[in-house]
Amino acid sequence: MLSALALVTALVAGPAPACVATEGGFDWGFKESFRAYLSGSIANGEWTTDGGIGYATPAFTSDELTGEVALDTLSGRLAVDGAIRFTGHEGILDTTVSNLRLELDGQRLELVLDVRGTTQEFIEVDTADVLFATGDLTAAEWTAGQGGLLLSGIPLTLTEQGAEAFGTYPAGEPLDPLDLRVVTSAECAQQAIAARDAGGGMLVPLLIVALVLVAAVGSVLVHLRLRAAKRRVATADAQDE
């Protein structure tokens, strides 16, 4: 019984993922209407980038994401050391978002970042680790190519934390979709897509665990029955004596 439980535990824990990505990149427009307003005649503003984030019309972009993502479950984190600074209204608006982290759990994307400066309402902000937006990875288009895995058009929604820290928009406001690139081999990219199609890559391990549990329970039942039979035989022998 103990050996069966040990085997189940080992299967649940599973081996280290065969495919692990440590690099990636993204393209993200933030919010096109906000950029248009900021660069217009009312706000007379602009945006600048720093560190590992750049800008190429019409999106902020980076090829310097680093971290660790297991491709059999598409879970993990990629981050970039960089910043985007928005300014306008003669300095009333001066907000910087930095230290972007993309946290993935197979179906959900969480965009976490730091927000500092003053909002459009001239409210001072200095908040780290803001869950700024969430996205649905299953709604994106997944493509395996020579450069790795591309998730195009991940829809993002502003969270309550993001709305409070950034101002301007309420929670639930749609942001521009994000394109995520994960650098890996074509084989590993295909593995990630296959895992998504199989329900996050957990279907086969769960079936194996279930079969092992059934076998373990069956082994215990057989053992108990044999012990009961031996007891009956021993009782009968004692009575005959």
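The values are calculated or read from the model by the stated rules, or taken from the named source; none is laboratory data. Values in this document were obtained by computation on a predicted structure and should not be read as measured data. Reconstructed Cβ throughout: ideal geometry from the backbone, glycine too, with neighbour counts over all protein chains shown. Surface accessibility is based on the protein's heavy atoms, side chains included, excluding ligands, DNA and RNA. Shrake-Rupley method; radii C 1.70, N 1.55, O 1.52, S 1.80 Å.
Under the condition of being open to solvent by less than 30 Å² (accessible area, probe 1.4 Å) and either touching a Pro at 6+ places or on another chain (Cβ under 6 Å) or farther than 20 Å from residue 58 by Cβ (or both), the residues counted in the stretch 154-167 number 6. For the stretch 92-108, the set of residues classified as over 8 Å from the mean Cα position of the chain (by Cα) and of a type in the set (A, V, I, L, M, F, W, C) consists of 92, 93, 97, 100, listed by residue number.
For the stretch 138-188, a tally of residues being touching a Leu at 6+ places or on another chain (Cβ under 6 Å) and charged (D, E, K, R) returns 2.
The rows are residues; the columns are (1) of a type in the set (Val, Ile, Thr); (2) within 28 Å of the chain's Cα centre (by Cα); (3) not in a loop (DSSP other than H, G, I, E, B).
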| site | (1), (2), (3) |
| --- | --- |
| 35 | no, yes, yes |
| 43 | no, no, no |
| 47 | no, yes, yes |
| 50 | no, yes, yes |
| 55 | no, yes, yes |
| 62 | no, yes, yes |
| 65 | no, yes, yes |
| 69 | yes, yes, yes |
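All of 105, 72 fail the test of being surrounded by 15 or more Cβ atoms within 10 Å (Cβ to Cβ), among the acidic types (Asp, Glu) and either at positive phi or modelled with pLDDT under 95 (or both), apart from 72. Just one of the numbered conditions (1) touching a Leu at 6+ places or on another chain (Cβ under 7 Å); (2) surrounded by fewer than 20 Cβ atoms within 10 Å (Cβ to Cβ) is not true of residue 135: (2).
Among the residues of the stretch 174-191, write down those that are among the charged types (D, E, K, R) and either more than 26 Å from residue 132 (Cβ to Cβ) or within 15 Å of the chain's Cα centre (by Cα) (or both). Once the filter is applied, which keeps residues that are among the charged types (D, E, K, R) and either more than 26 Å from residue 132 (Cβ to Cβ) or within 15 Å of the chain's Cα centre (by Cα) (or both), the stretch 174-191 yields 179, 181, 187. I want to confirm something. Restricting to the stretch 85-102 and keeping residues that are out of contact with any Asp or Glu (no Cβ under 8 Å at 6 or more places or on another chain) and open to solvent by less than 10 Å² (accessible area, probe 1.4 Å), which single residue is nearest to residue 54 (Cα to Cα)? Selected residue: 100. The residues listed here are 160, 121; of these, the one that is at pLDDT below 95 and of a type outside the set (Gly, Ala, Ser) is 121.
With respect to (1) outside any helix (DSSP H, G or I); (2) surrounded by 13 or more Cβ atoms within 10 Å (Cβ to Cβ), the lone exception for residue 170 is condition (2). Residues that are within 30 Å of residue 121 (Cα to Cα) and either open to solvent by 30 Å² or more (accessible area, probe 1.4 Å) or among the charged types (D, E, K, R) (or both) within the stretch 173-196 comprise 173, 174, 176, 177, listed in sequence order.
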